[in-house]
Amino acid sequence: MSLFKRVVAFTVSLALCTVTLAQPGQLTLITTEQVAQEQAVAARSAEGDASRERLAAALDRPELVAKLEQWGVTPEQARARVNALSDEEAQRLVAQIDEAPAGAGVLGALVFIFVLLLVTDILGLTKVFPFTRSVR
């Protein structure tokens, strides 16, 4: 490399370094509340992503896919709807799924039918249970 090219390369690199280092930075103080708020936003975003992943994993279950297809919704449409949920909506949906009792409606219905038949047996309207005596 010739001396002229070396001098030009050195001058250009020196100019670039000077321009880069000479730009003033923007330093500001941030409060504890701002840091806490940013951390909370990041945590909510992570929770929303975890909720969305859990809902997407539920869409892989064959019984859910069969039920969705029975309702006329393809798994791809369901995945698109899950991806369109906001973080809050995804978290709320997962919370509702966690709080929903599995099979509680069936147990309540069975107890209701048993009590109904027992009362009708006692009143003499039916004869289902052999251990009851009719009032008639």
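Selection of first residues in region 124-136 that are over 13 Å from Phe114 (Cβ atoms) and of second residues that are not in a loop (DSSP other than H, G, I, E, B), restricted to Cβ pairs under 8 Å at least 6 apart or on distinct chains, gives the following pairs, ordered by first then second residue: Lys127/Asp121; Arg133/Ile122; Ser134/Asp121; Ser134/Ile122; Val135/Ile122.
Somewhere in region 18-35, is a residue at pLDDT 75 or above, surrounded by 10 or more Cβ atoms within 10 Å (Cβ to Cβ) and within 29 Å of the chain's Cα centre (by Cα)? Checked against the condition, which is being at pLDDT 75 or above, surrounded by 10 or more Cβ atoms within 10 Å (Cβ to Cβ) and within 29 Å of the chain's Cα centre (by Cα), region 18-35 yields at least one hit. All conditions in (1) assigned to a helix (DSSP H, G or I); (2) of a type outside the set (Phe, Trp, Tyr); (3) out of contact with any Leu (no Cβ under 8 Å at 6 or more places or on another chain); (4) modelled with pLDDT of 80 or more hold for Arg52, with the sole exception of (3).
Being among the small types (Gly, Ala, Ser) and modelled with pLDDT of 80 or more, is that true of even one residue in region 107-119? Looking for residues that are among the small types (Gly, Ala, Ser) and modelled with pLDDT of 80 or more, one finds none in region 107-119, hence no. Looking at (1) more than 30 Å from Val41 (Cα to Cα); (2) out of contact with any Gly (no Cβ under 6 Å at 6 or more places or on another chain); (3) not basic (Lys, Arg), can you tell me which one Ser134 breaks? Among (1) more than 30 Å from Val41 (Cα to Cα); (2) out of contact with any Gly (no Cβ under 6 Å at 6 or more places or on another chain); (3) not basic (Lys, Arg), the lone unmet condition for Ser134 is (2).
The values are calculated or read from the model by the stated rules, or taken from the named source; none is laboratory data. For clarity, every value in this text was computed on a predicted model and none was experimentally measured. For neighbour counting, all protein chains shown are included, and Cβ atoms are generated from backbone atoms with ideal geometry for every residue, glycine included.
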